[in-house]
Amino acid sequence: MNFKTSIQNFTDVYNQQAFMQDLRNSADVFWMECNNISGTDCYCDDDAQANIKKFIAEFGNEPGIHFFDNGNYHYMSKLWTDSIHEDFDLVIFDHHPDMQPPRFEGILSCGGWVKEVFDHNVHIKNAVLIGVADHLIEEIKNDPTAEFKNYSDRVTFVTESEILEKQKQGIPLSIPGKNQNAIYISIDKDALCLKDAVTNWDQGSLTQEQLAQTLQDLFSSRKVLGVDICGERAQNQDYAEGIDENLADSRNDKLNEKLYLLLQDLFARL
């Protein structure tokens, strides 16, 4: 299958990553310069959405791999799935459920984009969220403002504790669900452990090996409409002991390269 690649630049972090710079200079990569669009950090206002959707329309509806900076821009997954016009399931790797209602009514947010997809996209059927912290799942279930009950029967969690148990047992993750809907895959690197990625949000326990194996399983069993990747480090952030900006960029760049090459191979097999 043919696929296209887009890179959405919001913070210039990819300028510090050797592989991503090489990828940017490839002839078949669509670079979206978003760092001059206001109203995008964590929340995406209507004017910003209109500007970003022009890029998405130019990219087209072909299956693709989309990189879009750090986790503050995870709402881009909602904007990419807006262009899907067939029934699909979401498969999301994330340490957070991203189902919180926004503080400002009607504004798309990085912490509530999954809820927005369920509220507004008639084609979404189910969602599987992999790597979410157990306590955050309980919080969203018990938060009446999140309205989780409206779509709880269509959401399945593979919790962080389940991931850790699979690691102890040395067995691969299994993704629930037996239907054959097409899928859109969203990867926030904050689901991964610190040895594999450094992000601007608290991180989970998923390993790069678990992620790669799960992606291979998904591609072998379902039609894949697209994959996005976020979770770079942010500017002026604090790091864990022994980690600085250069190490963060190096670690994330290596993961981006591994994921891109894996996905390139998986798309080619479809």
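Some values worked out for this structure:
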read-out	value
Flag for ASP202 being open to solvent by 60 Å² or more (accessible area, probe 1.4 Å), more than 27 Å from GLU62 (Cα to Cα) and in contact with a His (Cβ under 9 Å, 6 or more places away or on another chain)	yes
Residue that is nearest to VAL13 (Cα to Cα), among those in the stretch 90-104 that are open to solvent by 20 Å² or more (accessible area, probe 1.4 Å) and not charged (D, E, K, R)	HIS96
Only one of LYS189, LYS115, LYS125, LYS141 that is among the basic types (Lys, Arg) and within 14 Å of the chain's Cα centre (by Cα)	LYS189
Test for ASP87: is it charged (D, E, K, R), surrounded by fewer than 18 Cβ atoms within 10 Å (Cβ to Cβ) and under 30 Å from GLU162 (Cβ atoms)	yes
Wholly enclosed helices (runs of 4 or more DSSP H) of the stretch 1-93 bearing at least 3 residues farther than 30 Å from THR159 by Cβ and out of contact with any strand residue (DSSP E or B) (no Cβ under 7 Å at 6 or more places or on another chain)	18-24, 46-59
Members of the stretch 16-31 found to be open to solvent by 70 Å² or more (accessible area, probe 1.4 Å) and either free of Cβ contacts under 8 Å to residues at least 24 places away in the same chain or more than 17 Å from ASP69 (Cα to Cα) (or both), listed by number	ASP22, ARG24, ASN25, ALA27, ASP28
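The values are calculated or read from the model by the stated rules, or taken from the named source; none is laboratory data. Computed from a prediction, not measured in an experiment: that's the story for all the values here. Glycine gets a Cβ as well: all are built from the backbone with ideal geometry, and neighbour counts include every protein chain shown. The accessibility values were calculated without ligands, DNA or RNA, using every heavy atom of the protein model including side chains. Shrake-Rupley method; radii C 1.70, N 1.55, O 1.52, S 1.80 Å.
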